[in-house]
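Notes follow the structure.
Any read-out appearing in this document is the output of simple, stated calculations on the displayed coordinates, not a laboratory observation. Computed from a predicted structure; not experimentally measured. All Cβ positions, even for glycine, are placed from backbone atoms using ideal geometry, and neighbour counts span all protein chains on display.
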Amino acid sequence: MSSLKIYNSYTRQKENFEPITPGHVGMYVCGPTVSGESHLGHARPYITFDIIYRYFLHLGYKVRYVRNITDAGHFEEEGREAEDKIADKAKLEKLEPMELVQKYTNLFHWAMQQLNTLEPSIEPTATGHIVEQIDMIREIIKEGYAYEVNGSVYFDVKKYAAHYPYGKLSGRNLDDLLETTRSLEGQDEKRNKQDFALWKSAPPQHIMRWNSPWGEGFPGWHIECSAMSSKYLGAEFDIHGGGMDLQFPHHESEIAQSTICNKHMPARYWIHNNMITINGRKMGKSYNNQIKLTEMFNGEHPLLEKGYSPMTIRFFILQTHYRSTLDFGNDALQAAEKGLKRLWEAYEALKKLSPSSGPEGFDQQLDEKVVKMLLQLDEFMNDDFNTAKVLANLFELVPIINAIRDKRLSPNTLKATTLEMLQRYFHEYIENILGLRDENAKDEGKLDGVLSLLIELRKEARAKKDYATSDKIRNQLQALGISLKDDKDGNISYSIN
RNA sequence: GGUCAUGUGGCCGAGCGGUAAGGCAUGGGUCUGCAAAACCUUUUACGGCGGUUCGAAUCCGCCCGUGACCUCCA
């Protein structure tokens, strides 16, 4: 079997994955800022890294997956108003900052559950690690790479760049930055424009504030991730991930901070997922085209024709490789919805097939094809987590499953071992690796009993050719959102929309 | 302006030098009291112009288009 290859943003090439500690993986993923409701953009990275997490588990690794919650605000616009974004919103909503943060954290967790992502091993909060951040800033000052001005502390990027490869991750150099950095008001505290804040002195009206050696203030944007990743994963760990938009300046700054403080590049492999676009345009606050996940699910948004279930969204995201941009549109989403349904129904049918080992109808060629396509799934995942290809192969197997189910192919078409393998792989891939789950699980309780009764009555009516009655049952249920399907074998099944 | 991506059929998207995955839609068909669903089957695609190569969607150059980062952002 091929070995796992990962595209490393830092080196810009695919590399064989070799863990620092054999059998273990340490992975840090930049989590959400909980100053607002989770939107569609959040779905992509956390599903992407969920797949990566799940695949490592599948490979038998013990994984520590750390994903932070940023609950201390960043600067709305650095240098200008330097206001804590969370505190600002809190005032508007007349809530305590931590109350707001709690609300959106809960909503985020709810959305992640809907999308069936596994919980990270540790989910540290920025506010819970102020002490660690202060310690780290102290250390950086001691090393001579940060300076204090009026109660704020800045990282000396110019000095750092003289000794270390600053800008390598994001592919830019200091001179370019000098030329292109916008001139902003109130930059006078910094020695150089590219310097970034490690600690920011809090103006009187600022609600979120902590004591520090430099006076009351709050931590800079980048330091929390450096502090928390090194605390829980060590000075050097395996994987650091996040959205592509975080490459610069966030991750570049993290590298600088950690390198000075811990004498190490923090991560060996940097993984960045690409952005989601809406009608070809990146979704973002500044474009005014953000769709919240709750709106995505219930369809209450001007850009949506209808709601899309969490699994539809998950499936849709997995149809594209994580390093490509992904354009959201109603047509594409509806295509995904139907495709997922078809795949799931084949999967359900597959579960019910029982191995049979008669010689009659065995198809050597097809048997070999099935085995080959299943083995390819591992290769696809090993090639930088290519879920798009995995899904393509699963879909290619669907007609074969359907043919056996419909008895157009003999139950002996495949060897018993191959059928078992098919069932095992479908289960492992669909549920454990891709993390899809049944959204139409039937109510096993009273409703099911009632419907069974109605279905019985309809069957009897049909047998008597009393179509008026049978149609009435079907039509009225349809009006309630329950569809009856007359299957080929005379059975009737139902689905709730 | 600087840097970096990208342009595949009606739509979404794989593809990383060897006769173009897959999903959806469309057309045809099977099934059916009817319907729906399901299933089977199905046509046209590599932005443009050059170059490298036995051979390019894949590499190089130029042009055109789109986007991202440079500022909070997933």
Discussion item. Using the Cα centre of chain A as origin and beta-carbon charges of +1 (Lys, Arg) and -1 (Asp, Glu), tell me which of A:MET244, A:ILE223, A:PHE17 is placed farthest towards the positive end of the dipole.
Written reply: A:PHE17
Worksheet, complete the sentence: Helix-only [θ] at 222 nm, chain A, -39500 (n - 2.57) per DSSP H run of 4+, per residue, nearest 500, equals -13500 deg cm²/dmol
Worksheet entry | Crossing angle, helix A:223-233 versus chain A [Cα axis fit, 0-90 degrees, rounded to tens] | 60
Item to complete: Let me know the charge dipole size of region A:101-151 about its Cα centre in debye, to the nearest 20, where only the beta-carbon of Lys, Arg (+1) and Asp, Glu (-1) is charged.
Response: 200
Item to complete: Can you pull the one-decimal nm distance between simple spin-label points at A:LYS142 and A:GLU345, each 7 Å off the Cα toward Cβ?
Response: 6.6
Item to complete: Would you mind checking region A:465-480 for residues with the amide N under 14 Å from a putative spin-label position 7 Å along Cα→C-beta of A:LEU457?
Response: A:468-478
Item to complete: Report the extension gain between A:LYS62 and A:SER483 in nm, rounded to one decimal, defined as 0.36 nm multiplied by the number of residues separating them, less their alpha carbon distance.
Response: 147.1 nm
Item to complete: Could you give the size of the charge dipole of chain A about its Cα centre, using +1 on the Cβ of each K and R and -1 on the Cβ of each D and E, expressed in debye and rounded to the nearest 20?
Response: 1120
Worksheet item: Quick one: if the Förster radius is 25 Å, what FRET efficiency do A:HIS24 and A:ASN432 give, using the C-beta to C-beta distance and rounding to 0.05?
Response: 0.80
Worksheet item: How high is the FRET efficiency between A:ILE496 and A:LYS352 when r is their beta carbon distance and R₀ equals 25 Å, given to the nearest 0.05?
Response: 0.75
Discussion item. To test your reading of the geometry: what angle, between 0 and 90 degrees and rounded to tens, separates the Cα axis of helix A:130-142 from the longest principal axis of chain A?
Written reply: 50
Worksheet item: What pairs from A:LYS338/A:LYS485; A:LYS352/A:LYS407; A:LYS306/A:LYS338; A:LYS306/A:LYS389 go past 19 Å between their alpha carbons?
Response: A:LYS306/A:LYS389
Worksheet item: Name the residues of region A:407-421 whose amide N is less than 11 Å from a point 7 angstrom out from the Cα of A:GLU360 along the C-beta direction?
Response: A:410-412
Worksheet, complete the sentence: Among A:SER121, A:SER470, A:TYR494, the residue whose Cα sits farthest towards the positive end of the charge dipole of chain A (+1 at Cβ of Lys and Arg, -1 at Cβ of Asp and Glu, taken about the Cα centre) is A:SER470
Worksheet, complete the sentence: Here the relative contact order (percent) of region A:446-496, from C-alpha pairs under 8 Å and at least 6 apart, is 23
Practice prompt. Could you tally the net charge around A:TYR467, taking each other residue with its Cβ under 13 Å from the Cβ of A:TYR467, Lys/Arg +1 and Asp/Glu -1?
Written response: +3
Discussion item. Given a Förster distance of 25 Å, report the FRET efficiency between A:LEU118 and A:ASP367 from their Cβ-Cβ distance, rounded to the nearest 0.05.
Written reply: 0.15
Response to the item:
Between the Cα axis of helix A:446-463 and the main Cα principal axis of chain A, the angle (0 to 90°, nearest 10) is 30
Worksheet, complete the sentence: Expressed in nanometres to one decimal, the distance between label points 7 Å along Cα→Cβ at A:THR325 and A:GLU96 is 4.3
Worksheet item: Which listed residue (A:ILE207, A:GLY151, A:TYR308) has the Cα farthest towards the positive end of the charge dipole for chain A, taking +1 on Lys and Arg C-beta and -1 on Asp and Glu C-beta about the Cα centre?
Response: A:TYR308
Item to complete: Please tell me the relative contact order of region A:381-476 in percent, rounded to the nearest whole number, where contacts are Cα pairs under 8 Å and at least six residues apart.
Response: 12
Fill in: Residue pairs, from the table A:LYS14/A:LYS282; A:LYS341/A:LYS415; A:LYS282/A:LYS372, whose Cα atoms sit over 32 Å apart
A:LYS282/A:LYS372
